[in-house]
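Report on one structure; see the data block that follows.
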Amino acid sequence: MNDITPSELKERQQQNQTPVIIDVREPWEYEETRIDGSQNIPLGELPGKIEDLEDLKHQEIVVHCKGGGRSATAKALLQQHGFDKVRNLLGGITAYNAG
């Protein structure tokens, strides 16, 4: 799937069509600022959590980090494990909070 822009995600949230949002930043970053409704799974812990996410395999998932690098890695990892609707939040939470 194509990645998602912050404005597209916000529009979806306003329409109560929020996808699953996974924040792959570290817990201290998540505590500082987060997207409402997101769950925190740091990138380093994601490989060990794949089985816990099996029920989400065919649901839309948006992954994000601070700027997009870690979440691009998370997207690729999830796709390698058969998750077929993973999108990266372009610009990360930095862009989301700026808009």
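The values are calculated or read from the model by the stated rules, or taken from the named source; none is laboratory data. Here the structure is a predicted model, which means the values were calculated and not measured. Backbone-built Cβ (ideal geometry, glycine too); neighbour counts: all protein chains shown. These area figures cover heavy atoms from the full protein model, side chains too; ligands, DNA and RNA do not enter into them. Shrake-Rupley method; radii C 1.70, N 1.55, O 1.52, S 1.80 Å.
Quick notes on this one:
- Residue match in segment 30-50 (condition: part of a loop (DSSP other than H, G, I, E, B) and touching a Pro at 6+ places or on another chain (Cβ under 9 Å)): yes
- Residues being open to solvent by 40 Å² or more (accessible area, probe 1.4 Å) and among the hydroxyl-bearing types (Ser, Thr, Tyr) - total across segment 30-56: 1
- Residue count for segment 1-29, restricted to those that are loosely packed, with under 10 Cβ neighbours inside 10 Å and either assigned to a helix (DSSP H, G or I) or of a type in the set (A, V, I, L, M) (or both): 2
- Filter result for Gly82 (of a type in the set (Gly, Ala, Ser), surrounded by 15 or more Cβ atoms within 10 Å (Cβ to Cβ) and in a loop (DSSP other than H, G, I, E, B)): no
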